[in-house]
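Working notes for the structure below.
Computed from the coordinates by the stated procedures, all read-outs in this text should not be read as laboratory data. A quick note: this is a predicted structure, and the numbers were derived from the prediction, not measured. Virtual Cβ from ideal backbone geometry, glycine too; neighbours counted across all protein chains shown.
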Amino acid sequence: MEFLGPNYLIGNQTGLALFASIKDLPIIDAHNHADVKAIWENGNFSDIWQAEAATDHYVWECLRKRGVTEEFLTGKDRTNEEKWLALAEVFDELVGNPTYEWVHLDLKRLLGIDELICAENGKLIWDKAKAALARPEMRQQQMLQAMNVEVMCSTDDPVDSLEYHRKLAEAKCPVRVLPTFRPDKAMNIFKPDWREYIGKLEACVGTTFESVLDLVAALQQRHDYFAENGCVASDHGVEVPFAFDVEEEDADEIFRKAYAGHELEDDEAVLFMSYLLNEVAEMDADKGWVFQLHIGAVRDVRDSLFDEIGPDTGGDISDHMTDIVTPLRDLLNRFDDRLDIVLYNLNPVHTGTLAQLTRAFGARVNLGLAWWLNDSPIGMKRQLEYVGSVDVLMNMAGMVSDSRKVPSYASRHEMFRRVLADVVGEMVERGQMPLPLAERLVRTLAYERPKQLFKL
Amino acid sequence: MEFLGPNYLIGNQTGLALFASIKDLPIIDAHNHADVKAIWENGNFSDIWQAEAATDHYVWECLRKRGVTEEFLTGKDRTNEEKWLALAEVFDELVGNPTYEWVHLDLKRLLGIDELICAENGKLIWDKAKAALARPEMRQQQMLQAMNVEVMCSTDDPVDSLEYHRKLAEAKCPVRVLPTFRPDKAMNIFKPDWREYIGKLEACVGTTFESVLDLVAALQQRHDYFAENGCVASDHGVEVPFAFDVEEEDADEIFRKAYAGHELEDDEAVLFMSYLLNEVAEMDADKGWVFQLHIGAVRDVRDSLFDEIGPDTGGDISDHMTDIVTPLRDLLNRFDDRLDIVLYNLNPVHTGTLAQLTRAFGARVNLGLAWWLNDSPIGMKRQLEYVGSVDVLMNMAGMVSDSRKVPSYASRHEMFRRVLADVVGEMVERGQMPLPLAERLVRTLAYERPKQLFKL
Amino acid sequence: MEFLGPNYLIGNQTGLALFASIKDLPIIDAHNHADVKAIWENGNFSDIWQAEAATDHYVWECLRKRGVTEEFLTGKDRTNEEKWLALAEVFDELVGNPTYEWVHLDLKRLLGIDELICAENGKLIWDKAKAALARPEMRQQQMLQAMNVEVMCSTDDPVDSLEYHRKLAEAKCPVRVLPTFRPDKAMNIFKPDWREYIGKLEACVGTTFESVLDLVAALQQRHDYFAENGCVASDHGVEVPFAFDVEEEDADEIFRKAYAGHELEDDEAVLFMSYLLNEVAEMDADKGWVFQLHIGAVRDVRDSLFDEIGPDTGGDISDHMTDIVTPLRDLLNRFDDRLDIVLYNLNPVHTGTLAQLTRAFGARVNLGLAWWLNDSPIGMKRQLEYVGSVDVLMNMAGMVSDSRKVPSYASRHEMFRRVLADVVGEMVERGQMPLPLAERLVRTLAYERPKQLFKL
């Protein structure tokens, strides 16, 4: 029962043996938010705040719950050391939240710091981490290698030049860093900044759009460019997975209206988004890419965060009332058996629906692991227990870290591998599967399945 | 931790003792999809594909996930042996899904075959099963007796002649096979084949319908006929349990419109279905039958399966967004305390709502066990754990297999009894109930309760 | 595995030690339905039916499931002894429902009666309890002291005179009994008795309302009066938490329409309720009170109970289809960081949404423990397991009993403390938190957090 000790998250003997068999497998991380420029530049993290908290809104959210103000989180008037000490002041009150475990895992496994973060240890850990992070083997690329990362796929806008992906590839960086095509900004026609974004996309491809087909052509051009640079998947962050069958002429009319600056009805936005999502899926099908849907994030619910700090700062939630089946079924049928689709499950209420959809649609529609607010130990455990009972576990797409900071890749994957070993180990101990198949199952989900699915 | 060994699914000592006390009780199976003609004919299964896979879309769905094509599942150009060998090729990849357990349970408990299904063993098991299935004690009636099935209720359309139920009754078959009245096709006015079905019903009763009352009279006539043949329950498979109070004249107008071949509005279909469901409930109340609602199946979501193979082939799911309370409350109030109602729970998201409804409506409205995509070990376990906390466990309607193949009855009921013993055993070990009451509880749900509720 | 023995509800050694460390802490109970007049009068309960069942619809609901009729529950023609014996006749069939545990806990811990309630023991327990309840130390105030209740907050209508709260305070009753401001009747403009209630409120403050502002002023006057009498919180029981931003003039128009006796559209009721809820929240923010929302109770679903016996008799449920995010977000943003809000979670399907909302809105928006149909051992356990993974456990508002009978306070809190110790203990044993922090966490949620949050 040592904190983060050998038995961490594993409650049965078979699970311990299963974990031992997979813990050293390389990491395939098919979805994250890596700062590729920073990886290319290969600097050291200046300090532990920079490494662990500066880019991670999971940490901010928890600290806000304990009264830490924006001044010490996202503000510009405090030093990183002041911020870290403010974090340390309340960190033990986060206990029970996986953030408490993740940050300590990073300290312990990566930096060799065993102290618990608390008011008394704040300065000590600051100093120890400062020294540890300054070592040459803690440069970003070396850190990724130390964590045994084999391939990782960042999340990139179609207008991105992929300059740093190219540089890393040319330099034969031992950790492969591939782009992912994420055209959310082109999709989100209901947002105030859509028109401005379309301008950027026009500039990027050097044309002026006269119809929705020009927009599609531009995305196709960037899709091709991404392919040339190693991309193997598109990804789409949607609250509701609108993917109805829509005629081109209807989409075109809506496009022209919005392009001209007129406001749209809600229904029009739904039709446009549906059309464009289907078009990108078509491009993916042509190239044999994986089409990923991250379903259910309700964005920017807390106005004060959005207004003062911006998006992706902690104001996102999910909602049990999100409709999935009706909006998504047209696309699933249109691409039946000719596109690899991965559905990511954010709200635990959606698990059953998604698992049953993936069961119904056969070999090429599959679930990703529990995502974001659901990828805690209990979230992943409950997802694995239930999903296996409806769908086929061997089909799941494997763990992705969704990570926003380099030091966290290994901790994220360790947590998943332990939960997986625990769940499967318990099934073995309850006589639900033979041990050799359990060994194959955990190895598949921990490594082989994402490698094969994403062709990595 | 032996696969399907003595401790299968049971994680506590008390649970093992509880299971021992109920494992040999006869099986009462109040809902399944038995092929009654085949039971009457009492043949042997030709081979293991015929026995285990030919009629079971659970198996097909899992095999599709691993890339097995329709040619080897539902196609007509492959022999059963070729199909079985294709199944064996990938079967170990289904591990973790209850289908893996159910099929092995059938092999092991019924046919005495202990080998695991896998590429290497495919032919061996084919041969062993061929021999085992050919024995006289493996004819269908003898197989049911060997599994200790006391009564089973098939699912039958009102136009069914019940010829084979009658023959079995006349022959005093030791396994009682009763019909269940399932008028879904008369209800589903929104379906393209409704009008054609109404023609069949007219032919069956020898009248031409001039109003909705004629339709009701025809159903009443068949209801009476089913009663004469031992029927004790009606059953209704509904996506949304529409059961609003509707005036006869409104229903009649809608009936005439659809009868004349005109298309209906969605709202009209809802009103008609509500009306007719209430009418059948009235017939059940008059006769003291049990009124069963299977709630939440969203049918035929995958077009390719429906178009090429038909309904009930694996394209059905459930949806967390199904509305239950509003559509159902009129009927629950109308029949308050004068009709035995069983609600079956398909999507785990609906569990709380259903359990609270059954709690509120007293002694005669009760839950059935977790159904279909929810009757896996984890699905049943979670349902039992939660339902007991809201409703009264002793009131649950007991296990039904929903089975589509004869060899599976015992395995289905064994799985339920083990999960029940595990859940109740854990409650005893946690000091939540005295052991003698736990013994009574598991015996009640495993046998006595369905016998009493369905008057079997 | 003794029934209600030392290990009751606790499955791990660490959990047992954690429970030992908190079991004797005083009880802070910030929400219940105490009969304050009865507490002031400080009588003895006449008998065990009066103490345990006469005011508790949880008991009635379970007994109805086993066929006990209203005559023996809510009727007036049977003696309490006859009712108790009818209860005893079927009580062992309630096993598995927490009511079985709660009532036995009260008997065992409070009255020292160890016998199980069953047909044979009914009369014996009746007699033993009669004697035990007659002792001077079982008068209501002494009973609350014996259970170590430090503070308890009843639920009171704005027109309540608080006469008995005042008397208890003046008499320096060692158990502090504070009022809670619950203006549901003023909010519920859609109900037939709203207009009549408004008359009562006018009489109470001695004015005639000419606009919605007069209504608000009346509530403000009563809010001030409640504050003078020790009130620290408002509470609101809502099916859907309608709290949209609404202009005063719109609310005023709707108010005048309803005041004049005209029927409202559904939308109008929503706007009025939204307006008034925001106004009360404003009063709470001004005074530093806690604003509590009990979300999701669908009231009086079973007509026969409502028509014949009235509200709060067992016809309430919750519905997975309740919308929360959209109706509630305006209020959460309007009061961002300037009001302490507690959201109570009734349907397990809403847990994720609520926990994510409280995570997003920072330090002052927090979850209450699982409520009502969800505060069983399994309901609380699942809530704690999941909520900790998304939100911060230290922030939860602590246990409230929601109790409707004096003898149950200690049993309710014991059950919570045991479940808390079990969940946290298991996290320690799985290496998810260091033991000293676990000790702090359970102590915080069992006692310190509600004391600090409600300023008790």
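Legend: distances between Cα atoms for A:K287/A:K451; A:K381/C:K23; C:K167/C:K191; pairs beyond 24 Å are A:K381/C:K23; C:K167/C:K191. Quick one: check the C-alpha center-to-center distance for the range B:182-225 versus the range A:238-287, whole angstrom. One Cα centre to the other: 44 Å. Close amide H contacts of C:V290 (hydrogens built in the peptide plane, cut-off under 5 Å, sequence separation of 5 or more or a different chain): C:A233, C:S234.
Among B:S408, A:S403, B:S46, the order by Cβ neighbours within 10 angstrom, fewest to most, reads B:S46, A:S403, B:S408.
Between copies, the label points of A:K23, set 7 Å from Cα on the Cα→Cβ line, lie 3.6, 3.6 nm apart, reported in increasing order to one decimal in nanometres. Distance to the C-onto-B rotation axis is smallest for one chain C Cβ; residue and value in angstrom are C:V349, 3.
Could you give the dipole magnitude of the range B:44-138 about its Cα centre, charging the beta-carbon of Lys and Arg +1 and that of Asp and Glu -1, in debye to the nearest 20?
Dipole magnitude for the range B:44-138 comes out near 140 debye.
Phi angles across the range B:18-30 convert, under the Karplus curve 6.51 cos²θ - 1.76 cosθ + 1.60 with θ = phi - 60°, into 3J(HN,Hα) values of 4, 5, 4, 6, 10, 5, 9, 5, x, 9, 10, 10, 7 Hz, Gly and Pro given as x. Close amide H contacts of B:G368 (hydrogens built in the peptide plane, cut-off under 5 Å, sequence separation of 5 or more or a different chain): B:L343, B:Y344, B:N345, B:A397.
Taking loop as defined by DSSP and a crowding limit of 13 other beta carbons within 10 Å, which trypsin sites (Lys or Arg not before Pro) in the range B:302-393 fit? For trypsin sites (Lys or Arg not before Pro) across the range B:302-393 that sit outside H, G, I, E and B with at most 13 neighbouring Cβ atoms in 10 Å, the list reads B:R338. The range A:163-181 and the range A:386-429 have their alpha-carbon centroids 26 Å apart. Residues in the range A:403-408 carry Karplus couplings, in order, of 6, 10, 8, 4, x, 9 Hz; the curve used is 6.51 cos²θ - 1.76 cosθ + 1.60 with θ = phi - 60°, and Gly or Pro positions show x. Remark: the range A:364-374, residue by residue, has Karplus-estimated 3J(HN,Hα) of 9, 10, 9, 8, x, 5, 3, 10, 6, 5, 10 Hz, where x stands for each Gly or Pro and the curve is 6.51 cos²θ - 1.76 cosθ + 1.60 at θ = phi - 60°.
Where both residues lie in chain C, what percent of DSSP beta bridges are antiparallel, nearest 5? Working shown, then result.
On the way: 2 of 25 bridges.
Here the antiparallel bridges make up roughly 10 percent for chain C.
Here A:K130 is the anchor, and the aspartates and glutamates within straight C-alpha reach of less than 18 Å, apart from those fewer than 8 places off in the same chain, are A:D47, A:E52, A:E81, A:E82, A:D106, A:D114, A:E115, A:E120.
Any idea what the alpha-carbon Rg over 2.2 N^0.38 Å comes to for the range C:44-138?
0.98
Relative to the other identical copies, C:R443 shows label-point distances of 4.9, 4.9 nm, where the label point lies 7 Å from Cα along the Cβ direction and values run shortest first. Scanning residues 5 or more positions from B:S154 or on other chains, those with amide H under 5 Å from its amide H are B:L178, B:T180, with H placed 1.01 Å from N in the peptide plane. Between rounded, prolate and oblate, where does the protein assembly as shown land on the alpha carbon gyration tensor, with a ≥ b ≥ c its root eigenvalues, rounded for a/c under 1.5, else prolate if a/b exceeds b/c? Note, shape of the protein assembly as shown comes out rounded.
For A:D224 and A:N148, what does the FRET efficiency come to when R0 = 41 Å and r is the distance between their Cβ atoms, rounded to the nearest 0.05?
On the way: r = 32 Å, r/R0 = 0.79.
Efficiency at R0 = 41 Å is approximately 0.80.
Dipole orientation for the range A:123-251: of the candidates A:G237, A:A132, A:A203, A:A132 has the Cα lying most toward the positive pole (charges on Cβ; Lys, Arg +1; Asp, Glu -1). Legend: calculated FRET efficiency, B:K257 to C:D303, from the Cβ-Cβ distance at R0 = 25 Å, rounded to 0.05, equals 0.20.
Can you sort B:M152, A:M138 so the residue with the fewest Cβ neighbours within 10 Å comes first? Working shown, then result.
Numbers: B:M152 25, A:M138 21.
Arranged by neighbour count, lowest to highest, B:M152, A:M138 become A:M138, B:M152.
Relative to the Cα centre, the charge distribution of the range C:302-456, modelled as +1 at Lys and Arg Cβ and -1 at Asp and Glu Cβ, gives a dipole magnitude of about 660 debye.
Plainly put, the tip 7 Å out from Cα toward Cβ on B:D312 is 5.1, 5.1 nm from that tip on each other copy, the closest given first.
Taken about its Cα centre, the protein assembly as shown carries a charge dipole of about 5940 debye when Lys and Arg each add +1 at the Cβ and Asp and Glu each add -1 at the Cβ.
The residue list B:V270, A:M143, A:F72 was ranked by how far each Cα lies along the charge dipole of the protein assembly as shown toward its positive end, using unit charges on Cβ atoms, and A:M143 comes out on top. Measuring between their Cα centroids, the range B:66-82 and the range A:31-93 lie 56 Å from each other.
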